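Encoded as structure tokens, the structure appears first; notes follow it.
Rule-based calculations on the coordinates, nothing more; no lab input. Everything quoted here is computed from the prediction, not taken from an experiment. All Cβ positions, glycine included, derive from the backbone under ideal geometry; neighbour counts span all protein chains shown.
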Amino acid sequence: MDLLLLSLLLVTGFVGCAEFASVALVHPVIRRLPVEDQVVMEKGLLRTFGRVMPVGMTAAAILAGLGVARYGTVWLAIAAGVLTIALVVTILGNVPINLWTGRIPGGEVPLDFQAKRRRWDVFQAVRGSLQLIGFVLVSISTAAS
């Protein structure tokens, strides 16, 4: 059994599916809640997703890079690029808004909360899609080998 390939599949599958589910299934529901409840939900998600995903997304990009070095396939090279771009989008786009959201005092709703979170949604759609595409490319590479 190839542990690198297995790890790459498991990590990219988990991260890609979780991030895309956040875009397609979780956040559309949150957006229909009263804004006070949106603040509570977003802060709660920072304590769950926010603890796991930084590690998972970084590991996905690193594992894909290691996969390229070991196997040299075009599919893995594209996957590594896509996963790296997703990580950059996260760091430059989502993280600053997440840090801002995490500092909102309990019971408060900043006037610009919804505008900032809608901007976060755009970054989330990009990174969630890229993470899922990365997983698909890893899967294609695995199936082709």
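Observations, loosely collected:
- FRET efficiency estimate (nearest 0.05) - Cβ-Cβ, residue 122 to residue 143, R0 25 angstrom: 0.20
- Going through (1) 23, 17, 13; (2) 33, 13, 12; (3) 21, 19, 14, the figure that equals semi-axes √(5λ) of the Cα gyration tensor in Å as computed for the structure here is (2).
- Rounded to the nearest 20, the size of the Cβ-charge dipole of the stretch 3-144 about its Cα centre is 80 debye, with Lys and Arg at +1 and Asp and Glu at -1.
- Between residue 66 and residue 48, the distance separating the two model label sites (each 7 Å from Cα on the Cα→Cβ line) works out to 2.9 nm.
- A simple spin-label model places the labels of residue 136 and residue 74 1.7 nm from each other, with each point 7 Å out along Cα-to-Cβ.
- Peptide ranges 122-130, 60-68, 41-49 listed from the most packed, as the mean C-beta count within 10 angstrom indicates: 60-68, 122-130, 41-49
- If R0 is taken as 22 Å, the Cβ-Cβ distance between residue 1 and residue 21 corresponds to a FRET efficiency of 0.20.
- Taking label positions 7 Å along the Cα-Cβ direction at both residue 55 and residue 100, the computed distance is 2.9 nm, reported to one decimal.
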